[in-house]
1. If we keep just the residues of the range 1-26 that are part of a helix (DSSP H, G or I) and more than 14 Å from the chain's Cα centre (by Cα), which is surrounded by the fewest Cβ atoms within 10 Å (Cβ to Cβ)?
2. On the given criteria, is Leu80 in contact with a Leu (Cβ under 7 Å, 6 or more places away or on another chain) and of a type in the set (A, V, I, L, M, F, W, C)?
3. So Leu35 passes all but one of these: (1) assigned to a loop (DSSP other than H, G, I, E, B); (2) under 14 Å from the mean Cα position of the chain (by Cα). Which condition number does it fail?
4. Only one of these is among the charged types (D, E, K, R) and either touching a residue at least 60 places away in the same chain (Cβ under 8 Å) or more than 24 Å from Leu25 (Cα to Cα) (or both): Arg119, Arg88. Name it.
5. Consider only pairs whose beta carbons are under 6 Å apart and that are at least six residues apart or on different chains; among these, list those whose first residue lies in the range 45-67 and is free of Cβ contacts under 8 Å to residues at least 24 places away in the same chain and whose second residue is surrounded by 12 or more Cβ atoms within 10 Å (Cβ to Cβ) and among the β-branched types (Val, Ile, Thr).
6. If you go through the range 22-29 one residue at a time, do you hit one that is in contact with a Ser or Thr (Cβ under 9 Å, 6 or more places away or on another chain) and without any contact (Cβ under 8 Å) to a residue 24 or more places away in the chain?
7. Which numbered condition in (1) part of a helix (DSSP H, G or I); (2) more than 10 Å from the chain's Cα centre (by Cα); (3) surrounded by 13 or more Cβ atoms within 10 Å (Cβ to Cβ) is the only one that Gln118 fails?
Amino acid sequence: MNKLLAFSALAEAATGVALIVVPSLVARLLLGTELSGVALAVGRVAGISLLSLGIACWPGKAPSRAAFWGMTTYGLFVTLYLLYLGIRGEWVGPLLWPAVALHALLTVLLAREWFNAQRA
């Protein structure tokens, strides 16, 4: 479970850093549109949030329940929202569907690991 949580935390932190540094590029790759004006500031705030989530969920020797459920809950909701955007078809960049698939996979794997750990 530590490796999976660490991978998820690292991926979100890296995305956060990318949003802080180049928010318009991330938006173009994910949503197929550029950011401008206030959207740049909002994108950077989202980046700070993702970086913070990654740091907060980084597992120690024994990952906390809060870190695990925080990452799993985030994964579930971001999967659903990105799926919604993709189905609507209005904002679809080249990395939207891979992001949906990756978040869905990680969410399922995190949930499976949690339930397996509870049974053990």
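1. Result: Lys3.
2. No, not satisfied.
3. Only one criterion in (1) assigned to a loop (DSSP other than H, G, I, E, B); (2) under 14 Å from the mean Cα position of the chain (by Cα) is unmet by Leu35, namely (2).
4. Arg119
5. Taking only residues 6 or more apart or on different chains, not a single pair turns up.
6. Yes; the residues of the range 22-29 include at least one that is in contact with a Ser or Thr (Cβ under 9 Å, 6 or more places away or on another chain) and without any contact (Cβ under 8 Å) to a residue 24 or more places away in the chain.
7. (3)
Every number here is computed from the coordinates shown, using simple stated rules; none is lab data. The structure displayed is predicted, hence computed values, not measured ones. Please note: Cβ atoms are built from the backbone with ideal geometry, for glycine as well, and neighbour counts cover all protein chains shown.
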